[in-house]
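Every number in this text was worked out from the coordinates using simple rules, so none of it is lab data. None of these values were measured; they are calculated from a predicted model. Note: ideal-geometry Cβ built from the backbone for every residue, glycine included; neighbour counts use all protein chains shown.
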Amino acid sequence: MTAFPNRQILAIEDDPLLGVHLKDHLVRLGFAVTLCGDGRDGLVLASEREFDLVLLDILLPGLDGLEVLACLRRRRHVPVILISALGDEQDRITGFSRGADDYLPKPFGMGELQVRIEAILRRVAYERGQPAPSSVFPLHFDEGRCDVRHDDAWAGLTPTEYRLLETFWRHPEEVLSKPFLYQQVLRRGYSRHDRSLDMHVSNIRRKLAAIDLHGVRLEALWGRGYLLKLQVA
């Protein structure tokens, strides 16, 4: 079950098999799910009804997902996770620049989807001053102090390290390239001679080990980027 039962999710997905699979799985976790297969109809639903989160495919009939997102952002601030087979780096950057809260390339696992949904709902709960339920993983993110806690031990992250770990946490089991991380986290262009990112990752590893956190591993993939591996005990 999810730590956020009865949260209202709108899934705008035109693939009927995937749509039903998404809905069935999320309902079993405890979410309330509305399914829509058309971009224009999905925009109407998202604009007129209150949802806690929107799952939005990009390639949709009626109105494509990026257009839906742009229109929705002028009306509401509901969190949006883009889901798409268009998963290269530039597509993710375009999605984030249009206002997406997260980007999940197809194919993806339902466990990964749950982690990403709960990460966003936990952030929204914090922003609204609500107590956020604990994650399925034993790590608490505190955006106010830009740090993470395991049991009663704080890692002592810097703000940059916190943003970096949060980005990895929202993209478990996904290789994130260095250019993507430089733009999204360090907020500058990537140079292969710049070792800042490697230094931040090394510091995160050391600080997580110091608070005795197990089951979380940041792996470097030569020539590709970094990958966060999560193993629930």
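Residues whose amide H lies under 5 Å from that of Val80, counting only those 5 or more places away or on a different chain, are Val54, Asp101, Asp102; hydrogens are built 1.01 Å from N in the peptide plane. Here's the picture: a label point sits 7 Å out from the Cα of Gln8 along the beta-carbon direction, and within the range 69-85 the residues with their amide nitrogen under 19 Å of it are 69, 72-81.
With a simple spin-label model that places each label point 7 Å from the Cα along the Cα-to-Cβ direction, the separation between Arg217 and Ala32 comes to 4.1 nm.
For the listed peptides 37-47, 189-199, a ranking on the average number of other beta carbons within 10 Å per residue, highest first, reads 37-47, 189-199. Pairs from the table (Lys23/Lys178; Lys106/Lys207; Lys178/Lys229) lying more than 27 angstrom apart at Cα are Lys23/Lys178; Lys106/Lys207.
Derived scalar couplings between HN and Hα for the range 159-165 equal x, 5, 5, 5, 4, 5, 5 Hz in order, rounded to whole Hz, by the Karplus curve 6.51 cos²θ - 1.76 cosθ + 1.60 (θ = phi - 60°), x for Gly and Pro. The share of Cα pairs per 10 Å bin across the range 15-86, counted from zero up to the longest distance, runs 19, 57, 23, 1 percent.
Anyone know which of Glu173, Glu143, Glu48 comes out most mobile in the 10 Å Cα GNM of the chain? Residue with maximal mean-square fluctuation among Glu173, Glu143, Glu48: Glu48. Match the structure shown to one of the listed values [x] 12.4; [y] 14.4; [z] 11.6 of mean projected area of the Cα convex hull in nm², computed from it, and give that label. Looking at mean projected area of the Cα convex hull in nm² for this model, the match is [x]. Derived scalar couplings between HN and Hα for the range 199-211 equal 5, 5, 4, 4, 5, 4, 4, 5, 6, 5, 5, 5, 9 Hz in order, rounded to whole Hz, by the Karplus curve 6.51 cos²θ - 1.76 cosθ + 1.60 (θ = phi - 60°), x for Gly and Pro. Note on Ser196 and Cys71: the extension gain reaches 41.3 nm, defined as 0.36 nm multiplied by sequence separation minus the Cα-Cα distance. Helix 16-29 and the longest principal axis of the Cα set of the chain meet at an angle near 60°.
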